[in-house]
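K.L.:
Please read through the structure below; I'll follow up with questions.
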Amino acid sequence: MIDRKSIGRRMPISILRSFFIFSLVIFCYSLYRDAAISPAQVNPLPVFAAAPRERAVSHVVRSGETFAAIFSTQGLPPACANEYSRYLKPLGFSLLFPGDSLVFRFSPDGSLNRFSLLSRLVCWYNVAAVRDSIVAQRKPVVRWSYECFARGILGTSLAETMDSVNVDGAVVNAIADIFAWDINFFMDPRAGDTVEAVFDEQYADGRNAGCGPVRAAHYVNNSRSFWAIGLDGPDGRAVYYDLDGKSVQKEFLKAPLRYNRISSRFSFHRRHPILGIVRPHLGIDYAAPDGTPVYAAADGTVSFAGAESGFGRLVRVRHGGSYETSYGHLSSFARGISGGAHVRQGDLLGFVGSTGLSTGPHLDYRMKANGRFINPMTVNLPSKSGVSDDERPRFAAIKNTYCTIMQHRFIGRTGRWVLEITNNADMLRNTEIKYPTVFRDGAHVVGPGS
């Protein structure tokens with residue numbers, strides 16, 4: 001049953017509550033209306049003009065370009081180029097090289113404000129106007145060294161195999177040179193051979209700066225295993241040894257040039273291709289393109305360099321008291337090659353040709369031991385000296401490091417991996433020289449007064 005009296009008592013309370021809420025809404029709206037400001041009444045924020053910015057222009061040096069010519073492309077006179085070059089010379093700058101980078105920074109009025117030169121990815125040269133002086137600075141570029149490990153299985157050639165795992169051609173050439181005394185990479189490699197190496201790659205200013213030394217290499221050729229562990233010598237260059245500490249470098253190169261094929265082998269009974277008679281051919285004929293470099297097979301002294309009957313242009317080199325090598329049918333001799341000249345293993349002797357009795361460009365290479373001709377392809381060549389007793393502990397530690405990498409890491413896989421990243425930042429020092437400011441040729445800052 002509904003209680004009408006209680007309903008009558010609640011109604012005034014509800015009316016009062018509603019009136020209170022309505023009044024509150026009206027009050028809030030009035031405050032908002034009074035506080036609102038029309039856009040016309042808003043004071044505009046101050047507008048500042050953008051500060052003039054300097055203009056930067058970069059240039060990459062091309063072959064044959066000069067300092068003055070590059071400056072002229074920026075509207076700068078020869079005197080300006082000469083003065084900036086003078087600033088840099090005390091810091092060690094001498095020449096521009098293709099690939100160097102120049103950056104010109106011009107102030108809003110068109111004058112040269114700052115100049116930078118990246119030289120051979122080795123250092124930045126900077127010249128800037130600072131208050132009442134010119135500051136020239138040499139700042140070495142931080143060089144990052146990536147120690148890498150690569151492994152490949154030969155398909156067609158060493159070069160193609162290593163290229164397939166992103167190894168630079170310079171590393172491939174280094175590996176071929178390291179094993180040149182034991183492996184002829186034109187003749188010996190077989191499909192399925194394994195090659196692996198630890199080597200450095202250098203980066204500077206975000207660009208590849210070339211490859212460092214090969215630290216260690218291992219090549220398996222037709223089930224024969226060849227190792228080369230690098231040990232830095234007194235001059236900082238790596239010398240390579242096998243696992244027993246014997247020098248990988250032999251007294252003689254296995255072949256004194258890079259050739260295409262062997263056109264004639266060592267034989268006591270060969271029919272001469274021109275004379276048509278059978279007579280001994282006591283050497284190896286290496287077919288190679290005309291002009292291919294020919295190198296000394298070992299240290300020695302040139303005993304003869306000139307023309308000799310059927311051999312055409314010929315070089316003979318004596319190696320101590322026992323061995324002699326000869327290089328025939330050359331097109332020309334290298335500079336300085338004459339009787340009595342001393343040569344080191346790998347020095348340039350001349351170039352492949354077809355002089356004398358020859359049917360095409362090739363090298364006739366011969367070797368004598370104690371006055372008798374021997375077959376350069378089959379002779380057991382002596383090695384150079386091995387690791388000294390003092391260096392044995394250091395060699396053992398380095399050998400263990402690289403053998404562990406090659407034998408226990410990335411087993412059964414081919415590819416290229418980064419082992420360690422280092423840089424030379426701690427060893428770098430900046431050099432700075434201040435000069436009094438001199439202005440010439442209008443607004444251009446052009447260096448120290450003459």
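K.L.:
Of all residues in the stretch 401-414, count the ones that are exposed (fewer than 11 other Cβ atoms within 10 Å of the Cβ) and either among the polar types (S, T, N, Q) or part of a helix (DSSP H, G or I) (or both).
P.N.:
Summing the residues that are exposed (fewer than 11 other Cβ atoms within 10 Å of the Cβ) and either among the polar types (S, T, N, Q) or part of a helix (DSSP H, G or I) (or both) in the stretch 401-414 gives 3.
K.L.:
A197 versus (1) aliphatic (A, V, I, L, M); (2) modelled with pLDDT under 95; (3) in contact with a Cys (Cβ under 9 Å, 6 or more places away or on another chain); (4) not assigned by TED's automatic domain parsing to the domain that holds V61: which is the lone unmet condition?
P.N.:
It fails just one condition, (2).
K.L.:
Starting from residues that are over 10 Å from V61 (Cβ atoms) and of a type in the set (A, V, I, L, M), keep the ones in the stretch 96-117 and report whichever is surrounded by the most Cβ atoms within 10 Å (Cβ to Cβ).
P.N.:
L112
K.L.:
Another question, if that's okay. Restricting attention to strands (runs of 3 or more DSSP E) lying wholly within the stretch 193-268, give those where 2 or more residues are free of Cβ contacts under 8 Å to residues at least 60 places away in the same chain, among the polar types (S, T, N, Q) and touching a Phe, Trp or Tyr at 6+ places or on another chain (Cβ under 8 Å).
P.N.:
194-204
K.L.:
Residue by residue through the stretch 194-228, note down the ones that are closer than 15 Å to T401 by Cα and more than 21 Å from the chain's Cα centre (by Cα).
P.N.:
Those that are closer than 15 Å to T401 by Cα and more than 21 Å from the chain's Cα centre (by Cα): H218, W227, A228.
K.L.:
Now for a different question. Pick from the stretch 435-450 the residues that are part of a loop (DSSP other than H, G, I, E, B), under 14 Å from A129 (Cα atoms) and not basic (K, R): which of them is modelled with the highest pLDDT? Don't jump to the end; show me each part of the working.
P.N.:
Of all residues in the stretch 435-450, those part of a loop (DSSP other than H, G, I, E, B) come to 437-438, 440-444, 446-450.
Subsequent filtering for residues that are under 14 Å from A129 (Cα atoms) retains 437-438, 440, 443-444, 446-448.
From what is left, the residues that are not basic (K, R) are 437-438, 443-444, 446-448.
Details: T437: 64, V438: 54, A443: 39, H444: 41, V446: 42, G447: 43, P448: 43.
In this case the residue turns out to be T437.
K.L.:
Of the residues that make up the stretch 348-371, is at least one closer than 26 Å to G233 by Cα and at pLDDT 90 or above?
P.N.:
For the stretch 348-371, residues closer than 26 Å to G233 by Cα and at pLDDT 90 or above: present.
K.L.:
Kindly indicate whether I337 is among the hydrophobic types (A, V, I, L, M, F, W, C), surrounded by 15 or more Cβ atoms within 10 Å (Cβ to Cβ), modelled with pLDDT of 90 or more and farther than 30 Å from R86 by Cα.
P.N.:
yes
K.L.:
Could you check G353 against (1) over 19 Å from D182 (Cα atoms); (2) loosely packed, with under 14 Cβ neighbours inside 10 Å and say which number it fails?
P.N.:
So G353 meets the others, but not (2).
K.L.:
Need the failing condition index for G169 against (1) at pLDDT 90 or above; (2) of a type outside the set (V, I, T); (3) within 30 Å of E324 (Cβ to Cβ), just the number.
P.N.:
(3)
K.L.:
Continuing with the same structure: Quick check on my filter: what residues within the stretch 372-383 are assigned to a loop (DSSP other than H, G, I, E, B), closer than 15 Å to S322 by Cβ and touching a strand residue (DSSP E or B) at 6+ places or on another chain (Cβ under 8 Å)? Please lay out each step first, then the result.
P.N.:
At the first step, the residues of the stretch 372-383 found to be assigned to a loop (DSSP other than H, G, I, E, B) are 375-382.
Filter again for closer than 15 Å to S322 by Cβ, leaving 376, 379-382.
Of everything in the stretch 372-383, those that are assigned to a loop (DSSP other than H, G, I, E, B), closer than 15 Å to S322 by Cβ and touching a strand residue (DSSP E or B) at 6+ places or on another chain (Cβ under 8 Å) turn out to be P376, V379, L381, P382.
K.L.:
Can I ask one more? Quick check on the stretch 308-324. Is at least one of its residues out of contact with any strand residue (DSSP E or B) (no Cβ under 6 Å at 6 or more places or on another chain) and closer than 24 Å to R261 by Cβ?
P.N.:
Within the stretch 308-324, one or more residues are out of contact with any strand residue (DSSP E or B) (no Cβ under 6 Å at 6 or more places or on another chain) and closer than 24 Å to R261 by Cβ.
K.L.:
Please verify whether E432 is surrounded by 10 or more Cβ atoms within 10 Å (Cβ to Cβ), at pLDDT below 95 and in a helix (DSSP H, G or I), treating the condition exactly as stated. Break it down stepwise before answering.
P.N.:
Numbers: surrounded by 10 or more Cβ atoms within 10 Å (Cβ to Cβ): yes; at pLDDT below 95: yes; in a helix (DSSP H, G or I): no.
No, not satisfied.
K.L.:
Give, as residue ranges, the strands (runs of 3 or more DSSP E) completely inside the stretch 46-162 that count at least 2 residues that are closer than 28 Å to P436 by Cβ.
P.N.:
Output list reads 55-60, 101-106, 112-119, 123-130, 133-140.
K.L.:
Under 8 Å by Cβ, and 6 or more places apart or on different chains, what pairs join a residue from the stretch 60-78 that is in contact (Cβ under 8 Å) with a residue 24 or more places away in the chain with one that is surrounded by 14 or more Cβ atoms within 10 Å (Cβ to Cβ) and of a type in the set (S, T, Y)?
P.N.:
The qualifying pairs are V60/S101; V61/S101; F67/Y84; F67/S85.
The values are calculated or read from the model by the stated rules, or taken from the named source; none is laboratory data. Note that the structure is a prediction, hence the values are computed from the model and not measured. Every residue, glycine among them, receives a Cβ derived from its backbone with ideal geometry; neighbour counts consider all protein chains shown.
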